[in-house]
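Let me begin by presenting the structure, written as structure tokens, before commenting on it.
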Amino acid sequence: MSKTAKFHKKHLLTFRKFLVTHGAVESDGDIPVFITFLGTLVVYIIASMLHAAKTAAIGVYKAICKVSKVDTGGLRQAFINAFKQTVTNVYFRLFVFFDNRKSTRKLFKKRRRQYGLTKAIRLYMSDLHYYMKKNSHSFVTFANVLAPAAAVIVFAVAVNTVSASSFGVSVISGGETLGVVSAEDVYMSAARAFSEQTAYKDVENSTGEAFVTARLEITPTAEVMDANSLAAVMMSNASVIMPDTRSAAIAVPEPLTAPAPVSETSVDIIPDIAGKVKAYGVTVDGEFLGAIDDTKVLSIYLNGVKESGFDPEAIDITFDREIEYSYEQFYYPEEIVDESDIIKKLSGTREAAVFVTVESGDNPWDIAMANNLTLSELLECPAEYEGEVIEDLSKFCPVGATIQLSEEVPYLSLLVTKPRTYEVAIDYEIMRSYDDSMYQGETKVTTKGEEGVELVEANVTYRDGKAVSRQILSRTVVTEPVTQVEIIGTKEPKTMVATGGGSGTYFWPVAGGYISAYMGDGRGHKGLDIAAPYGTHIYAAAQGKVTRVGSKGDGYGIAIFITNSDGNVTVYAHMSSTADIVVGDTVVAGQLIGYVGSTGNSTGNHLHFEVRQNGTYLNPTKYVSQY
């Protein structure tokens, strides 16, 4: 047996052993002809490539070793011979591989003798298609291995090629290359240095900065320059123009990813410093307050303010507005102010507190509307009358009372950030089902929902002791919430239901009308009087069960009492008549229950509306709001 045949047989046995060892087949005899052919081909090609690579490497090594004895032409010929040997070796092995596929050739020759050449080829192609389809997963596996391997090789070659080259960033201005730097940030540093050397301040027309407009390009290079050297080149290429009017031409550097169009060959710097002096401009959130000769006193004042807010728990103490005063530039003498004026401004207020005085005919609702507040917001505002604090404006709002609508806002405030750990509630979900035996709006809770608890770690920022922002660091669920299960009624109510209803939690109980008397009002009034024409519709303020209908001789006249689902009792009195409602009915919010009248102890057409809780009278304005 020849050396080549032994080499081929070795790889055939290796492939068969691999299939049997890994459980692909039970024995050598179960391996299909095509799979044997393809697998052996793959193993053989890989081995041939490795052998060829080895041969080439040996040839290169021998050529290098003989370089001292071989001239340039001889070295070149040595490499050519090594390459030819490699190609010949691979070609020869592949030729032998195909030439020795005896079993495949025998089957093909047998079919050709029996069926002719055309049918023999067709049968061979059919076998090939069958085995490719049956063993498609093998090809996919081979491709999944080969493709990443090839990608790794290509990537390694690319990295090796790029890493062996030197690149830099060319700074091009007006078609002229100013220099080459190692990175874009070096150019930005040079631009800032150039700006500082040409700094000026014109508060009417400029930002006090000047840059060279440049286009950046990546280019191969062997040498790069630092930021200072590039800034010097910028200065030497800049032309200074002194115009008659104060203005500044500012060219902002374009980023590397978006090259700017080709710029002029020079940059115009227009300082116009005639009549100006150097000073430090003071700005707060971009607002120019004035310029000062020295910043020492101002720095001491600001540091003192920060020290006054010292807190051992604080991780950061800053001002709530951005203050800048450390940049020296050119200003007109009339812009120079004393440091004490700046300090007085910073220690003052930005906004003054707003107060209103109650006049004749005013009521809480109208005052809130006039000042773009809700009634609830107004009732939370501090109020005084003759030096005494008014606890509840809805009950006592006399003429001459003073209401503070807003607080005084200081010009500067400290922001103190502290680490905090606290618990927050996790809302529970509500799962609803429907029941046609219950009225619309009626709800029955079968499983009461419970909020979960979450432990939060955060950095909380405070202004004047009040939290204004927080940075959440982590959340940990301590207790999971419990889902609430509800049954919702779908049965149609007996009477009409209105679609309006004001903006309170409860439905506005009258179709229109206005408040003619508030709770309390100096005569112990227990509810809210809503004046409206005779016969105006009266609606249920909230869903609930009717517990009283009609007149009981107690001064309420014709009245309806409803026990709401939230536990409160709503009272509707002085009706002219009731709708088709009886005791025991369930009504929904906005459902028609009666009509405005003046029965019982009443002096005019109106609805007397009360909200009770466990026998206590509550202020209805906390539950309903007028249209």
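Tell me, yes or no, whether segment 389-412 has at least one residue that is surrounded by 12 or more Cβ atoms within 10 Å (Cβ to Cβ) and in a helix (DSSP H, G or I). So far as segment 389-412 goes, no, none of its residues is surrounded by 12 or more Cβ atoms within 10 Å (Cβ to Cβ) and in a helix (DSSP H, G or I).
For segment 373-381, does any single residue satisfy the condition of being exposed (fewer than 14 other Cβ atoms within 10 Å of the Cβ), within 30 Å of V277 (Cα to Cα), in contact (Cβ under 8 Å) with a residue 24 or more places away in the chain and hydroxyl-bearing (S, T, Y)? Looking through segment 373-381, none of the residues is exposed (fewer than 14 other Cβ atoms within 10 Å of the Cβ), within 30 Å of V277 (Cα to Cα), in contact (Cβ under 8 Å) with a residue 24 or more places away in the chain and hydroxyl-bearing (S, T, Y). Per the listing S299, S376, S326, S360, the residue uniquely assigned to a helix (DSSP H, G or I) and at pLDDT below 90 is S376. Among the residues of segment 355-370, just one is of a type in the set (S, T, Y) and farther than 19 Å from G520 by Cα, namely T357. Of all the criteria given as (1) touching a Phe, Trp or Tyr at 6+ places or on another chain (Cβ under 8 Å); (2) of a type in the set (G, A, S); (3) at pLDDT below 90, the one not satisfied by S406 is (1). Looking across G501, G489, one residue alone is in a strand (DSSP E or B) and touching a strand residue (DSSP E or B) at 6+ places or on another chain (Cβ under 9 Å). It is G489. Under the condition of being crowded, with 20+ Cβ neighbours inside 10 Å, under 56 Å from the mean Cα position of the chain (by Cα), more than 16 Å from Q440 (Cα to Cα) and not hydrophobic (A, V, I, L, M, F, W, C), the residues counted in segment 537-567 number 0. The one condition from (1) within 29 Å of G452 (Cβ to Cβ); (2) loosely packed, with under 13 Cβ neighbours inside 10 Å; (3) in contact with a Gly (Cβ under 9 Å, 6 or more places away or on another chain); (4) of a type outside the set (S, T, Y) that K466 does not meet is (3). Taking the conditions (1) over 18 Å from T417 (Cβ atoms); (2) touching a helix residue (DSSP H, G or I) at 6+ places or on another chain (Cβ under 8 Å) in turn, I317 satisfies each one other than (1).
Do we find a residue being more than 38 Å from the chain's Cα centre (by Cα) and within 13 Å of L412 (Cβ to Cβ) anywhere in segment 304-324? No, segment 304-324 contains no residue that is more than 38 Å from the chain's Cα centre (by Cα) and within 13 Å of L412 (Cβ to Cβ). Given the criteria in contact with a helix residue (DSSP H, G or I) (Cβ under 9 Å, 6 or more places away or on another chain), outside the structural domain of L393 (by TED's automatic domain parsing) and either at pLDDT 85 or above or not in a loop (DSSP other than H, G, I, E, B) (or both), does Y462 qualify? In short, no.
A count restricted to segment 316-326 and to residues that are surrounded by 13 or more Cβ atoms within 10 Å (Cβ to Cβ) and over 15 Å from E287 (Cα atoms) stands at 3. Only one of G513, G504 is on the phi > 0 side of the Ramachandran plot and assigned by TED's automatic domain parsing to the domain that holds T578; which? Every option except G513 fails the conditions.
Quick check on my filter: what residues within segment 469-490 are in contact with a Leu (Cβ under 7 Å, 6 or more places away or on another chain) and free of Cβ contacts under 8 Å to residues at least 24 places away in the same chain? T476, the sole residue that qualifies. Taking the criterion of being crowded, with 17+ Cβ neighbours inside 10 Å and polar (S, T, N, Q), the only residue of segment 603-618 that qualifies is N605.
If you go through segment 327-353 and keep only what is of a type in the set (S, T, Y) and under 11 Å from V282 (Cα atoms), you end up with just Y327.
The values are calculated or read from the model by the stated rules, or taken from the named source; none is laboratory data. Every value quoted in this text rests on a predicted model; they were computed, and no experiment measured them. For neighbour counting, all protein chains shown are included, and Cβ atoms are generated from backbone atoms with ideal geometry for every residue, glycine included.
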